[in-house]
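The values are calculated or read from the model by the stated rules, or taken from the named source; none is laboratory data. Note that the structure is a prediction, hence the values are computed from the model and not measured. Here Cβ is always computed from backbone atoms with ideal geometry, including for glycine, and neighbour counts include all displayed protein chains. What goes into the accessible areas is simple: the full protein's heavy atoms, side chains included, and nothing from ligands, DNA or RNA. Shrake-Rupley method; radii C 1.70, N 1.55, O 1.52, S 1.80 Å.
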Amino acid sequence: MPENVVVEKSGGVEKKRFWNNDMEAIIGIMVVLLILGTINVFSSSFILAEAEFDTPYFFLKRHIINVFVGLVCFIICFRADYHTWRKYMPFILGFTLLALLLVLLIGPSVNGAKRWLPLGVTQFQPAEAAKLVSIMLSASYLSAQVKSGKSIKFFTPQIAIIGVISLLTELEPDMGTASIIAGIPIIMLIVAGLHPQKVIRMLTAVAVLVTAMIIYQPYRLDRLKVAYDPWSDAQNMGYQTVQSLSAIGSGELTGMGLGVGVSKYDYLPEAHTDFAFAIFCQENGFLGAIFVFLLFAAFAVYAARVANRAKDEFGQLLSVGIMILVAGQAVANLLMVGGLFPVVGVPLPFISYGGTSLMVTMAAVGILVNIGKNGEDPEQST
């Protein structure tokens, strides 16, 4: 019998599984997605890299460096007790707010947006880190309320801070990331037991706010309309979606083959970043797409199991937030690439090219695994 196959006995019936515990499963899924992402980053970017930087390996080299830095972040977060982040939350919040302010003040403008802080040979995107910080802050507040038996409130200082973080991100502008920063804590409020009447009032307030943002920036309404009929403006606002759908459809069942996809030849913008999955589908087909779907679904299941077995409320809520961060972003990106959601600039975890996003996601998975390790039943790992 292979060494990586574990045999369990339940009611006299032997069951086989490939993981010793849920943490091994999560790490295994992350590794597989990283391998797929690295291959896809090179395949989707080598044409652009050759044209702009005279080497097809420009983005691949940077991605590999990002993976190694992300691995360091993962190891640090895996080894550090997850309660440590709660202890240093004031410092983490202060750094995040300062970084977001510096982006608006001194960050370089790229395509009319300020989202990065230059750090010598690389760049740092504070809004990506702010996603994880907002989850930590929410878990810290909500766990204290649940543990003390107090009712969950929506309008609190913690929620106000998250609102400020989201607002600073929106000013970059980056509505997609701002929505994630504010949206995940809202879901965590509901999971923690926010009263149904308060949920209705909260969702009403959110709907009013989103409407106001759309009115303030009318192009967002146009983008929403085009999302559901991209061919109505196929050469302008609907161009990315049309090209994405064309790339996905041309992959058929088994795909064109690695490196053979044609949409990266200046047809599909952001082919190695937000729309990396479209190139993946073109080259790996429907079967490859289903495999990625199943990986993210499995990640969500194992993350939910970790949350269920966490030893305290903070670990439970932090696990839920990280599960939504990874699986929720995956769903949003897949819907966007598939033309079922407006183009909002949400990367596909582990698959899309993006340094800060990858590092933050790997750090989040490290925290999740640490929560699982602390909440593990010793009998389940034997």
Requested in this report: Identify the residue in the range 267-278 that is in contact (Cβ under 8 Å) with a residue 60 or more places away in the chain and in a loop (DSSP other than H, G, I, E, B) and, among all such residues, is nearest to Gly354 (Cα to Cα).
Outcome: Thr273
Requested in this report: Taking Leu340 as meeting all but one of (1) closer than 27 Å to Gly366 by Cβ; (2) out of contact with any helix residue (DSSP H, G or I) (no Cβ under 6 Å at 6 or more places or on another chain), write down the number of the exception.
Outcome: (1)
Query raised in the report: List pairs: first in the range 100-120 and within 23 Å of Ser134 (Cβ to Cβ), second open to solvent by 80 Å² or more (accessible area, probe 1.4 Å) and at pLDDT below 90, Cβ under 6 Å, 6+ apart or cross-chain?
Result: Trp116/Gln123
Query raised in the report: Which one is surrounded by the fewest Cβ atoms within 10 Å (Cβ to Cβ) among residues in the range 223-243 that are of a type in the set (S, T, N, Q) and touching a residue at least 60 places away in the same chain (Cβ under 8 Å)?
Result: Gln240
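Could you tell me which residue of the range 252-278 is surrounded by the fewest Cβ atoms within 10 Å (Cβ to Cβ), considering only residues that are farther than 24 Å from Met30 by Cβ and of a type in the set (A, V, I, L, M, F, W, C)?
Taking the range 252-278 first, the residues farther than 24 Å from Met30 by Cβ are 252-254, 256-257, 259-269.
With of a type in the set (A, V, I, L, M, F, W, C) added as a condition, the list becomes 253, 256, 260, 262, 268.
Values: Leu253: 8, Met256: 18, Val260: 10, Val262: 15, Leu268: 25.
The extreme case among them is Leu253.
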Query raised in the report: Taking the range 66-96 as the search range and keeping residues that are open to solvent by 60 Å² or more (accessible area, probe 1.4 Å) and free of Cβ contacts under 8 Å to residues at least 40 places away in the same chain, which one is nearest to Leu36 (Cα to Cα)?
Result: Phe68
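Does at least one position in the range 201-222 carry a residue that is buried (at least 19 other Cβ atoms within 10 Å of the Cβ) and in contact (Cβ under 8 Å) with a residue 24 or more places away in the chain? Break it down stepwise before answering.
First, the residues of the range 201-222 that are buried (at least 19 other Cβ atoms within 10 Å of the Cβ): none.
Within the range 201-222 (the criterion being buried (at least 19 other Cβ atoms within 10 Å of the Cβ) and in contact (Cβ under 8 Å) with a residue 24 or more places away in the chain), the answer is no, since none of the residues qualifies.
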Query - Residue list for the range 215-253, restricted to those being more than 17 Å from Met336 (Cβ to Cβ) and among the β-branched types (Val, Ile, Thr) - result: Ile215
Query raised in the report: Restricting the search to the range 122-142, which residues are among the β-branched types (Val, Ile, Thr) and either under 18 Å from Thr96 (Cβ atoms) or buried (at least 17 other Cβ atoms within 10 Å of the Cβ) (or both)?
Result: Val133, Ile135
Query raised in the report: Which of the residues that make up the range 177-195 are of a type outside the set (Val, Ile, Thr) and either in contact (Cβ under 8 Å) with a residue 60 or more places away in the chain or touching a helix residue (DSSP H, G or I) at 6+ places or on another chain (Cβ under 9 Å) (or both)?
Result: Ala178, Ser179, Ala182, Gly183, Pro185, Met188, Leu189, Ala192, Gly193, Leu194
Query raised in the report: Here are some residues: Leu189, Leu167. Which one is open to solvent by 50 Å² or more (accessible area, probe 1.4 Å) and of a type outside the set (Lys, Arg)?
Result: Leu167
Report task. Go through the range 157-199 and give me each residue that's under 16 Å from the mean Cα position of the chain (by Cα), hydrophobic (A, V, I, L, M, F, W, C) and under 14 Å from Gln125 (Cα atoms). Result -> Ala178, Ile181
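In the range 150-169, what residues are charged (D, E, K, R) and touching a residue at least 12 places away in the same chain (Cβ under 8 Å)? Give the steps one after another, and end with the answer.
If we filter the range 150-169 for residues that are charged (D, E, K, R), which is where we start, we get 150, 153.
If the condition is that a residue be charged (D, E, K, R) and touching a residue at least 12 places away in the same chain (Cβ under 8 Å), then Lys153 is the only one that fits.
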Query raised in the report: What number goes with the only condition from (1) over 15 Å from Tyr353 (Cβ atoms); (2) modelled with pLDDT under 95 that Leu98 does not pass?
Result: (2)
Report summary line: Of (1) open to solvent by less than 50 Å² (accessible area, probe 1.4 Å); (2) under 30 Å from Leu221 (Cα atoms), Gln145 satisfies every one except (2)
